[in-house]
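Notes follow the structure.
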Amino acid sequence: MDTAAVLAKFDEQMRRHPRAEQGTRTEIDAHITRVLTEVAGWNGVVWSDLGDHDADVIIAAEIERFSAWGTRPSAKRSWRG
């Protein structure tokens, strides 16, 4: 099995372009994919493509964006080595 290909396909289908479930919406920007609930529930970034040069600025913008909605993004992080 080509592990890299399987992970790339998973990222594309489940994280970069997830299917919105009932009561949620997906927002896709150049470097971020968000899943948001229409009512109280989980909101967060499910995919990102950040580099050393833009991570701080994009993360700060996401925190500001979620704060404006009266919620905070999930702090859970996933790292792959």
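The values are calculated or read from the model by the stated rules, or taken from the named source; none is laboratory data. What you see is a predicted model, and the numbers here were worked out from it, not measured in a lab. Neighbour counts are summed over all protein chains in view; Cβ atoms, including those assigned to glycine, are modelled from backbone coordinates with ideal geometry.
A quick yes/no check of all residues on (1) on the phi < 0 side of the Ramachandran plot; (2) among the hydroxyl-bearing types (Ser, Thr, Tyr); (3) without any contact (Cβ under 8 Å) to a residue 24 or more places away in the chain:
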position: ASP2; (1), (2), (3): yes, no, yes
position: ALA5; (1), (2), (3): yes, no, yes
position: PHE10; (1), (2), (3): yes, no, yes
position: GLN13; (1), (2), (3): yes, no, yes
position: PRO18; (1), (2), (3): yes, no, no
position: GLY23; (1), (2), (3): no, no, yes
position: ILE28; (1), (2), (3): yes, no, yes
position: HIS31; (1), (2), (3): yes, no, no
position: THR37; (1), (2), (3): yes, yes, yes
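Sort out which residues of the stretch 3-50 are within 15 Å of ARG65 (Cα to Cα), in a loop (DSSP other than H, G, I, E, B) and among the polar types (S, T, N, Q), and write them in order of number.
ASN43, the sole residue that qualifies.
Residues checked against (1) at pLDDT 85 or above; (2) touching a Lys or Arg at 6+ places or on another chain (Cβ under 9 Å); (3) of a type in the set (A, V, I, L, M):
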| site | (1), (2), (3) |
| --- | --- |
| PHE10 | yes, no, no |
| MET14 | yes, no, yes |
| GLY23 | yes, no, no |
| LEU36 | yes, yes, yes |
| ASN43 | yes, yes, no |
| ILE59 | yes, no, yes |
| GLU62 | yes, yes, no |
| THR71 | no, no, no |
| ALA75 | no, no, yes |
